[in-house]
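One structure is given here, and the rest of the page talks about it.
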Amino acid sequence: MEPTRIAIIGMGKIARDQHLPAIAGDAGFSLAATVSPHDRGVAGVPHLKSLDDLLANGPAVDAVALCTPPQVRYDLAAQALKRGIHVLLEKPPGATLAEVDALEERARKTGASLFTAWHSRFAAGVAPARAWLADRQVRQVDIVWREDVRVWHPGQAWIWEPGGLGVFDPGINALSIATHVLPHSFFLRSGTLKLPANRAAPIAAQLQFRDTAGAPISMDLDWRQTGPQSWDITIETDAGICKLTRGGSVLTLPGGTEHSEDREYAGLYARFATLIRTGRSDVDTSPLKLVADAFLRARRDTVEPFVE
Ligand code: NAP
């Protein structure tokens with residue numbers, strides 16, 4: 001079978017760190033073009049300044065990976081789907097929930113595959129954690145996602161703008177794991193968002209959820225962390241503790257600890273290839289719903305201005 005000709009749209013940090021190597025390492029895809037307003041692209045691959053330009057003047061593509069900030073994703077995705085081009089949406093899949101619903105409907109009509117790519121679900125510990133938890137009784141869950149925004153998001157103005165999610169940009173990865181591994185769905189009970197006086201998005205959040213079986217789930221997100229960073233989920237069950245650390249890549253169960261090689265984006269592209277081959281979409285907005293609920297239901301405190 002011929003490889004799927006794919007274009008990366010939005011040549012920023014994640015496109016270079018993960019999408020380029022994942023596409024290069026997957027025989028099911030060939031990189032046909034890159035698109036970005038200010039970037040120069042990759043040697044030997046056609047580069048265009050906009051999706052309009054790609055569709056009008058670039059090489060033919062079967063699929064696009066949208067690696068732009070979420071605020072501009074809808075128009076790009078809609079334009080591609082309209083032409084029957086398969087679309088991988090980086091996380092979060094959109095700036096609003098309704099726009100992702102609209103994209104799903106459009107994909108259904110055109111027969112193109114739409115994939116809301118939650119990369120953290122492909123971290124090594126996540127699938128075995130999900131299997132282990134499937135028939136356990138969960139008693140309590142603690143999510144701690146604390147990182148230094150100056151290290152991980154230097155100069156990214158969009159992340160602080162409405163639709164950029166602030167500290168939920170990394171925090172939604174924890175929610176993508178929790179919604180995937182926990183045996184019951186859960187919902188927000190209360191919480192606090194901390195917004196710097198000079199920014200439109202939160203720098204920290206403390207949230208309390210409860211699952212449908214009554215287990216409490218706490219979430220502590222903070223972008224002001226210095227020193228060691230924390231991307232940990234601790235799940236207390238009737239059979240002992242299940243702990244996912246380092247963003248889901250390390251799993252500790254009562255029997256011991258499993259470390260595996262990072263294959264998140266390889267897993268993501270393998271899944272995208274399967275969806276394209278079988279003519280299906282995979283659209284899940286459950287992590288984004290929980291973030292939207294935090295903006296609806298949590299109280300807001302103003303904290304000191306953020307200095308880059
Ligand atoms: P970034 O470094 O700011 O890159 C975003 C890129 O999108 C920019 O380089 C910009 O291109 C391009 N862009 C903006 N508008 C565009 C448009 N209309 N058409 C084409 N390209 C456009 O951001 P990032 O960190 O890569 O994050 C992008 C997305 O990936 C976010 O949703 C984020 O949550 C997700 N993500 C990021 C990471 C990470 O570690 N950074 C990890 C996983 C997922 P120009 O520079 O050419 O203007």
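The values are calculated or read from the model by the stated rules, or taken from the named source; none is laboratory data. Model, not experiment: these values are computed from the prediction. Here Cβ is always computed from backbone atoms with ideal geometry, including for glycine, and neighbour counts include all displayed protein chains. These accessible areas exclude ligands, DNA and RNA; they are computed on the full protein's heavy atoms, side chains included. Shrake-Rupley method; radii C 1.70, N 1.55, O 1.52, S 1.80 Å.
Report Rg/Rh for the chain, rounded to two decimals, where Rg is the Cα radius of gyration and Rh the Kirkwood radius. Please list the in-between numbers first.
Numbers: Rg = 19.5 Å, Rh = 20.1 Å.
Rounded to two decimals, Rg/Rh equals 0.97.
Once you order the gyration tensor axes a ≥ b ≥ c over the Cα atoms, which shape class does segment 242-308 get: rounded for a/c under 1.5, otherwise prolate or oblate by comparing a/b with b/c?
Oblate is the answer for segment 242-308, as a/c is 1.5 or above yet b/c matches or exceeds a/b.
At 0.36 nm per residue, minus the direct Cα-Cα distance, what do VAL151 and ALA270 gain on full extension? Give it in nm, one decimal, please.
39.9 nm
Suppose a student asked you for the relative contact order of the chain, using Cα pairs under 8 Å spaced at least 6 residues apart; what percent would you report?
Reported relative contact order: 20 percent.
So if I take the centroid of the Cα atoms in segment 18-88 and the same for segment 100-128, what is the distance between those two points in Å?
Each part's Cα centre sits 17 Å from the other's.
Once the whole set of protein chains is in place, how much accessible area is left on ARG271, using a 1.4 Å probe, in Å² to the nearest 10?
Probe radius 1.4 Å; accessible area of ARG271 about 70 Å².
Give, in whole angstrom and from largest to smallest, the semi-axes √(5λ) of the equivalent ellipsoid of segment 1-72, with λ running over the eigenvalues of the Cα gyration tensor.
The answer is 17, 15, 11 Å, longest axis first.
How large is the translational diffusion coefficient of segment 196-308 in µm² per second when you combine the Kirkwood radius over alpha carbon pairs with Stokes-Einstein at 37 °C and 0.692 mPa s?
185
Rolling a 1.4 angstrom probe over the protein chains, ignoring ligands and nucleic acids, what is the accessible area of ASP262 in square angstrom, nearest 10?
Number for this one is 100 Å².
Please build a GNM for the chain, connecting alpha carbons under 10 Å apart, and tell me which residue among ALA15, ALA27, ALA112 fluctuates the most.
Greatest mean-square fluctuation among the candidates belongs to ALA27.
In segment 9-111, which trypsin sites (Lys or Arg not before Pro) fall in coil by DSSP and have 13 or fewer other Cβ atoms within 10 Å?
Passing both the DSSP loop test and the Cβ count: ARG40, LYS49, ARG83.
Straight-line reach from LYS82: which lysines have a Cα under 23 Å away, not including same-chain ones fewer than 8 places off?
Hits, sequence-local ones excluded: LYS49, LYS91, LYS109.
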